[in-house]
């Protein structure tokens, strides 16, 4: 080993102050923070010359600017900048040394501290309260800094939408209070799922849920934004908007919502039979109510006990309509679980054809299900022709977004919620590492 001992300590390099154009002249450790007194590092004092007439300025003392810096050893750190003031003897202009390398104008955080806060939110998923405590600044100060640098560095990146070929669209409930609109439309990039290059990511979140909301978002994209697949639920408004704005894109009704729709018909049928046979809502001791969860389990995943309970309930002639509806649900699930896409597509075509005609009038739930599947048959069957076009990743991101308000103890500002959602699920974690 050429050097068996440590070299002389360099506080500027250790605290990354040299990258900010600063140098340390004093340091102090308080009980609640570390304070580094700094001055602007300059080989030649270029700030000494007047910007109006070019004359050498006269020094008029110094002013102090305090900036929160990256915590050192989990101890909040503050930079105490000594900034020279100058006055021109000819034109009487006054100015200060340039500190834009250290921080944005009027900012309370150094550039490294702002990046540290952004990393804490995006990568470590800390709450804004913990970020503010780590920097020892006010919550609003930390929040404004994170949102500003997040927008400039990540969200407003023009290359963020490049290469998007498949998107998923769904609604999301952002607020659980009774004030104002609580719905937003989320647009997800499904391209990494189709190509096997990574997870899905949130592209955008738009207030409201309607055809016009999605249509306006699609219409605002640049001509380079060419998508091939739009995965969606059964909402007709999203399909119409996609057909009008991106007519060449293939609409796909994903399995999650098709299976959920069939499961909803099972519940409706079970509730109708419950009322018709017992005259009241389901109770814990009612046989048909006791199997409400078992009815949504795939036939191949049933335990022997669950299969026995189903067989006992279906043995009653009064429950035959529930059994028939359950059978259709299982056929739909089996079609999606078939390892061969061609075989699965044939099974789904058979289900749609069987529900298109000849369904008894008593099976009202299957009649409405058949109408929906027949109307959206092309979209339902398109899933088998376009692998990786499921809207399941969209639902996964929705679940993550539901967790976000818990981390932040709730949101009242929709703009803040949209920005925080994009930072949390926008796929920026890998993009942020080069800036740290």
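The values are calculated or read from the model by the stated rules, or taken from the named source; none is laboratory data. Every value quoted in this text rests on a predicted model; they were computed, and no experiment measured them. Here the Cβ is made from the backbone with ideal geometry for all residues, glycine too, and neighbour counts use every protein chain on show.
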How many residues, within region 25-36, are out of contact with any helix residue (DSSP H, G or I) (no Cβ under 9 Å at 6 or more places or on another chain), part of a strand (DSSP E or B) and surrounded by fewer than 16 Cβ atoms within 10 Å (Cβ to Cβ)? 4
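Which of the residues spanning region 111-131 are farther than 27 Å from residue 18 by Cβ and crowded, with 16+ Cβ neighbours inside 10 Å?
Scanning region 111-131 gives 126, 127, 128.
Across region 415-432, what is the total count of residues that are more than 14 Å from the chain's Cα centre (by Cα) and touching a residue at least 12 places away in the same chain (Cβ under 8 Å)?
Here is the first cut: in region 415-432, the ones more than 14 Å from the chain's Cα centre (by Cα) are 430-432.
If we keep only those that are touching a residue at least 12 places away in the same chain (Cβ under 8 Å) as well, we get 431-432.
Summing the residues that are more than 14 Å from the chain's Cα centre (by Cα) and touching a residue at least 12 places away in the same chain (Cβ under 8 Å) in region 415-432 gives 2.
Can you tell me how many residues in region 271-300 are closer than 22 Å to residue 354 by Cβ, surrounded by 14 or more Cβ atoms within 10 Å (Cβ to Cβ) and under 39 Å from the mean Cα position of the chain (by Cα)?
Here the count works out to 4.
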Determine if region 301-313 includes at least one residue that is crowded, with 16+ Cβ neighbours inside 10 Å and under 29 Å from residue 235 (Cβ atoms). no
Please tell me if residue 318 is in the same structural domain as residue 289 (by TED's automatic domain parsing) and free of Cβ contacts under 8 Å to residues at least 24 places away in the same chain. no
Among (1) in a helix (DSSP H, G or I); (2) under 21 Å from residue 396 (Cβ atoms); (3) in the same structural domain as residue 422 (by TED's automatic domain parsing), there is one condition residue 264 misses while meeting the rest; what is its number? (3)
Residue 152: within 20 Å of the chain's Cα centre (by Cα) and in contact (Cβ under 8 Å) with a residue 60 or more places away in the chain, yes or no? no
Could we say that residue 73 is at pLDDT below 90, within 30 Å of residue 419 (Cα to Cα) and out of contact with any helix residue (DSSP H, G or I) (no Cβ under 9 Å at 6 or more places or on another chain) here? yes
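Condition check ((1) farther than 23 Å from residue 228 by Cα; (2) surrounded by 19 or more Cβ atoms within 10 Å (Cβ to Cβ)) across all residues:
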{"residue": "166", "(1), (2)": "no, yes"}
{"residue": "174", "(1), (2)": "yes, yes"}
{"residue": "181", "(1), (2)": "yes, no"}
{"residue": "188", "(1), (2)": "no, yes"}
{"residue": "191", "(1), (2)": "no, yes"}
{"residue": "198", "(1), (2)": "no, no"}
For residues in region 348-369 being over 24 Å from residue 273 (Cβ atoms) and crowded, with 17+ Cβ neighbours inside 10 Å, which is farthest from the chain's Cα centre (by Cα)? 352
Filter region 228-245 down to the residues that are over 19 Å from residue 397 (Cα atoms) and either in the same structural domain as residue 374 (by TED's automatic domain parsing) or surrounded by 20 or more Cβ atoms within 10 Å (Cβ to Cβ) (or both) and list them by number. 239, 241, 242
I'd like to know if region 330-341 contains one or more residues that are in contact (Cβ under 8 Å) with a residue 24 or more places away in the chain and under 21 Å from residue 274 (Cβ atoms). yes
